[in-house]
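Nothing in this text is a laboratory measurement; each read-out follows from the coordinates by a stated rule. Keep in mind it's a predicted model, so treat the numbers as computed, not measured. So basically every Cβ, Gly included, is an ideal-geometry build from the backbone, and we count neighbours across all protein chains shown.
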Number of protein chains: 2
Amino acid sequence: MKFKEEVLSTRTIFDGKVVHLTEEEVKLPNGKKASREIIHHQGAVGIIAITPDNKLVLIRQWRAPLGQVTLEIPAGKIEQDEQDDPLLTAKRELNEETRFEADQFELLTKFYTSPGFADEMMYLYHAVGLKEVKKELPQDDDEFLELVELSAAEVQEAINNGEICDAKTLMAIMFWQMME
Amino acid sequence: MKFKEEVLSTRTIFDGKVVHLTEEEVKLPNGKKASREIIHHQGAVGIIAITPDNKLVLIRQWRAPLGQVTLEIPAGKIEQDEQDDPLLTAKRELNEETRFEADQFELLTKFYTSPGFADEMMYLYHAVGLKEVKKELPQDDDEFLELVELSAAEVQEAINNGEICDAKTLMAIMFWQMME
């Protein structure tokens, strides 16, 4: 294939809790060598959850990389034992973060968040038939989250003031608008 | 503010061409300490360019982090001297990657691609009034790109077969559908 780069060697630079960083030496299609910095990530899910009174369920939290508070749809990393089935992550995170469960989860789309330097795949689910959970899963003591339910107009306001500011949440809102 | 984490110290782990990785020690709202792995990125732009015969301009290229060829909208990193004005990046990348220019660039949205671990901001522009460039900017010898123009039906096929698979391109396609 005319575009393909051949990996000559891989060096691990950092093996963290969230981020695994490697540097690859590759051979380009023209025979020259180049290096590629790659973030390996176990993937994540985001969940569109709409309440019976037609509000979007969002989570308010501090985001260290941005140094600000954001409003995002419920989301979380795919754990090791969920790698074959991100739907398990969707169910778990919806319970942990919102105390809702759903009759059905519909996969709306999946996408790489930043294909230039990371392999993180995001799965976007629609939680259909939202209701309060019967059995609450344990929450992480060190996560500080606030559950928020916003109408379409309030969502627009939160986009305008910059509190809603990430790819998966903006895409979720576009899907929500198309569902209406 | 009840969510805010206080940064106690920052350690640089890797300072690369694309990725700058730090580890922060932070104090949580409950007084406990935690560490945060943060990818610092200079930001990027993506450009929605529609040809006069209503096709979407896409770039086919190898993506090392994914180990596959993708079709993405024209895009690129914001360079050091463009930090105050990502519109400059949009104009430059559109010229370099597609040999098109535009009468006008409209900022459709901007978003953090992966706020859990990275500060990368993506600016999504619509290039209005597309036409061939008069003056071609130099191209990078080591970039292997193929320019592709796809109809709406062909775009859907490329989503289905996984060649279109990243956040900014899928969002661009949703904006395109809403423009129609």
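List the trypsin sites (Lys or Arg not before Pro) within the stretch A:117-180 that fall in a DSSP loop (any state other than H, G, I, E or B) and whose Cβ has at most 11 other Cβ atoms within 10 Å.
Sparse-neighbourhood loop trypsin sites (Lys or Arg not before Pro): A:Lys134, A:Lys135.
Among B:His126, A:His41, B:His40, which comes first, second and so on when ranked by fewest other beta-carbon atoms within 10 Å?
B:His40, B:His126, A:His41
Who wins for biggest fluctuation among A:Ile39, A:Ile48, A:Ile13 in a Gaussian network model of chain A, springs between alpha carbons below 10 Å?
Comparing A:Ile39, A:Ile48, A:Ile13 in a Gaussian network model of chain A, the most mobile one is A:Ile13.
For chain B, what's the relative contact order in percent, using C-alpha pairs closer than 8 Å and at least 6 residues apart?
Taking the mean separation of contacting Cα pairs over the length of chain B, I get 22 percent.
Given the pairs B:Lys32/B:Lys110; A:Lys135/B:Lys168; A:Lys4/A:Lys77; A:Lys33/A:Lys110; A:Lys110/A:Lys131; A:Lys110/B:Lys2, which span a C-alpha to C-alpha distance of over 27 angstrom in this model?
Checking Cα-Cα distances, B:Lys32/B:Lys110; A:Lys135/B:Lys168; A:Lys4/A:Lys77; A:Lys33/A:Lys110; A:Lys110/B:Lys2 exceed 27 Å.
Compute, for the stretch A:1-155, the length of the dipole vector about the Cα centre, with Cβ point charges of +1 (Lys, Arg) and -1 (Asp, Glu) only. Units Debye, rounded to 20.
Once rounded to the nearest 20, the dipole reads 740 debye.
Restricting attention to the stretch B:3-78, which trypsin sites (Lys or Arg not before Pro) occupy a DSSP loop and are surrounded by at most 10 other Cβ atoms within 10 Å?
Answer in residue order: B:Lys32.
Which GluC sites (Glu not before Pro) from the stretch B:26-129 combine a DSSP loop assignment with at most 14 other Cβ atoms within 10 Å? Before the final figure, lay out the partial values.
Values: sites: B:Glu37, B:Glu72, B:Glu79, B:Glu82, B:Glu93, B:Glu96, B:Glu97, B:Glu101, B:Glu106, B:Glu120; in loops: B:Glu79, B:Glu120.
Answer by residue number: B:Glu79.
Consider all pairwise Cα distances in the stretch A:44-179 and report the whole-number % of them above 24 Å. Can you show the working numbers first?
Values: 2297 of 9180 pairs.
Cα-Cα pairs of the stretch A:44-179 separated by over 24 Å account for 25 percent.
Find the Cα radius of gyration of the protein assembly as shown, compare it with 2.2 N^0.38 Å by division, and give the number to two decimals.
1.00
Along Cα-to-Cβ, 7 Å out, sits the label point; list in nm, shortest first, how far the one on A:Asn54 is from those in the other copies.
Spelled out, the distances from A:Asn54's label point are 3.1 nm.
Can you give the calculated 222 nm mean residue ellipticity of the protein assembly as shown, where each DSSP H run of n ≥ 4 adds -39,500 (n - 2.57) and the sum is split over every residue, rounded to the nearest 500 deg cm²/dmol? Mind showing how you got there, number by number?
Details: 6 runs with 70 residues, N = 360.
Using -39500 (n - 2.57) per qualifying helix, the result is -6000 deg cm²/dmol.
Quick one: among B:Gly67, B:Gly76, B:Gly129, which has the greatest mean-square fluctuation in a GNM of chain B with alpha-carbon springs under 10 angstrom?
B:Gly67
Among A:Val148, A:Val133, A:Val18, determine the one that fluctuates most according to a GNM of chain A built with springs between C-alpha atoms less than 10 Å apart.
For chain A, modelled as a Gaussian network with Cα springs under 10 Å, the answer is A:Val18.
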